[in-house]
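The values are calculated or read from the model by the stated rules, or taken from the named source; none is laboratory data. Since the structure is predicted, the reported quantities are computational estimates derived from the model, not experimental observations. Counting neighbours? That spans all protein chains shown, and the Cβs are built from the backbone with ideal geometry, glycine included. Heads up: the accessible areas ignore ligands, DNA and RNA and are worked out on the full protein's heavy atoms, side chains in. Shrake-Rupley method; radii C 1.70, N 1.55, O 1.52, S 1.80 Å.
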Amino acid sequence: MTNSTNARNIALGPGREFDIVRTLLDEWGRAAERIGDDAAVLDVPPGERVVVTTDTSVEGVHFKREWLNHFEIGYRATVASLSDLAAMGARPLGIVIALTLPDSDEQEARELANGIREGASAVMCPIVGGDLSSGLSLSLTITALGSVARPLTRSGARVGDKVYVTGELGGPAAALRSWLAGKPPSERDRARFAAPVPRIEPAIALAARGASSAIDISDGLVADAWHVAAASNVSIEIDAERVPRVPGVTTEQAVASGEEYELIVTAKDIDARAFSGEFGLDLTEIGRVVAGPARATLMQNGRPIATPGGFDHFESR
């Protein structure tokens, strides 16, 4: 499943695999572009650079069937990859999907396709290709391609910058705690886990407003801020009392909550109120970049406090 320079999809030959591909294409409709050649061909705006990221969602690691339906599995996997483009301040050019589909899930291919389409269409991103395989576990690997003239990176934070975060934190972890306790999560928390939003347009606007670095929150606020500190060779201090969190969640739970797909950005100064008014999305100043060892520290009343660990795909197994 890959694309050509012609906007129309290319006719496929016979076979069970291609029957499934035709099912996917039928559901994607105009969201799929030029699929059928051996590789995708994309146009890049003049003066911009290509940004590429890959994200994998694996059954039993990132989701369980008891938690999500197939639409949500497809949607969430797509958003996870697109969120990395947001962290770079890039605009999407297309996504490529590598789908491992067990026989038992074949009848749910349409719902998976619907979820992928909705995740991509939310930020006007075409589906430009992919690969399909059978396997024992359901897995989606989404490669997102974008472009930007001056990408945001993790290494741009400078001493004296302020630290900001979008949205409110803690919902995905709250949903996960409920499921692991054998209870249904609240509708709000479940939505934060199952239907995150890739912050593409807000990220582009933050870059235009002078953001010096950015990262999306996949492992937890402090854990991901530490990545920025390490890449920039600075120290980041986060004020615990300023961390925005959903109701009913403690600060410790909020800063450790992974797979939020909100953004951490650093900048000299951003008018958070004007930004929030334009995008309907909270932007909260939560800390500062200072000289010191490359690390992120949670602070309370000017003193370091114990910092909860973030999500680790290997330590969590």
- Scaled to the compact-protein estimate 2.2 N^0.38 Å, what is the alpha-carbon radius of gyration of region 30-124, rounded to two decimal places? 1.16
- List, in order, the whole-Hz ³J(HN,Hα) value for each residue of region 232-242 obtained from phi through the Karplus relation with A = 6.51, B = -1.76, C = 1.60 and θ = phi - 60°; use x for Gly and Pro. 8, 6, 9, 10, 10, 10, 10, 7, 4, 6, 9
- Message: Show me, for region 93-106, the HN-Hα J-couplings you get by feeding each phi into the Karplus relation (A = 6.51, B = -1.76, C = 1.60, θ = phi - 60°), rounded to Hz, glycine and proline as x.
- Response: 9, x, 10, 10, 10, 9, 10, 9, 10, x, 4, 5, 9, 4
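Using a 1.4 Å probe, what is the accessible area per residue for the chain, in Å²?
Counting only protein heavy atoms, the per-residue value for the chain is 45 Å².
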- Note on the structure: Measure of exposure for ASP43: accessible area at 1.4 Å probe, Å² rounded to 10, is 130
- Item | Computed over the chain, Cα set: Rg, Dmax in Å | 20.0, 67
- Could you work out how far helix 109-121 tilts from the main Cα principal axis of the chain, as a 0 to 90 degree angle to the nearest 10? 50
- Heavy-atom accessible area ranking, 1.4 Å probe, most first, across ARG65, ARG303: ARG303, ARG65
- Message: So if I restrict to the alpha-carbon atoms in region 79-220, what is the Rg, and what is Dmax, the biggest pairwise distance, in Å?
- Response: 17.2, 55
- Built amide H within the under 5 Å cut-off of LEU138, gap 5+: GLU59
- Note on the structure: Here, region 201-272 modelled as identical Cα point scatterers in vacuum has Debye log10 I(q)/I(0) at q = 0.15, 0.16, 0.26, 0.27 Å⁻¹ of -0.52, -0.59, -1.32, -1.35
- Message: Using the crude model of +1 on Lys and Arg Cβ and -1 on Asp and Glu Cβ, and no other charge, please compute the dipole size for region 181-317 relative to its Cα centre, in debye to 20.
- Response: 140
- In whole Å, what three semi-axes, largest first, describe the equivalent ellipsoid of region 73-123 built from its Cα gyration tensor (square root of 5 times each eigenvalue)? 24, 10, 8
- A student asked for the Cα radius of gyration and Dmax of region 105-177 in angstrom ought to give 18.1, 55
- Message: Out of the total accessible area of the chain (probe 1.4 Å, heavy atoms of protein only), what percent is carbon and sulfur?
- Response: 49
- Largest first, what is the accessible-area ranking of GLU262, GLU111, GLU278, GLU106 with a 1.4 Å probe? GLU278, GLU111, GLU106, GLU262
- Message: With θ taken as phi - 60° and the coefficients 6.51, -1.76 and 1.60, list the Karplus ³J(HN,Hα) couplings across region 221-230 in order, rounded to whole Hz; mark glycine and proline as x.
- Response: 4, 5, 4, 6, 5, 5, 4, 5, 4, 5
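May I ask you to derive the relative contact order of the chain, considering only C-alpha pairs under 8 Å and at least 6 residues apart, and to give it as an integer percent?
RCO, the chain: 20 percent.
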- Note on the structure: By accessible area (1.4 Å), largest first, ARG158, ARG34, ARG273 order as ARG273, ARG158, ARG34
- At 25 °C and 0.890 mPa s, the Stokes-Einstein diffusion coefficient in µm²/s for region 211-317, with hydrodynamic radius from the Kirkwood sum on alpha carbon pairs, is 172
- At q = 0.16, 0.19, 0.20, 0.29 Å⁻¹, work out log10 I(q)/I(0) for region 176-243 with the Debye formula, treating every Cα as an identical point scatterer and leaving solvent out; two decimals please. -0.80, -0.99, -1.03, -1.22
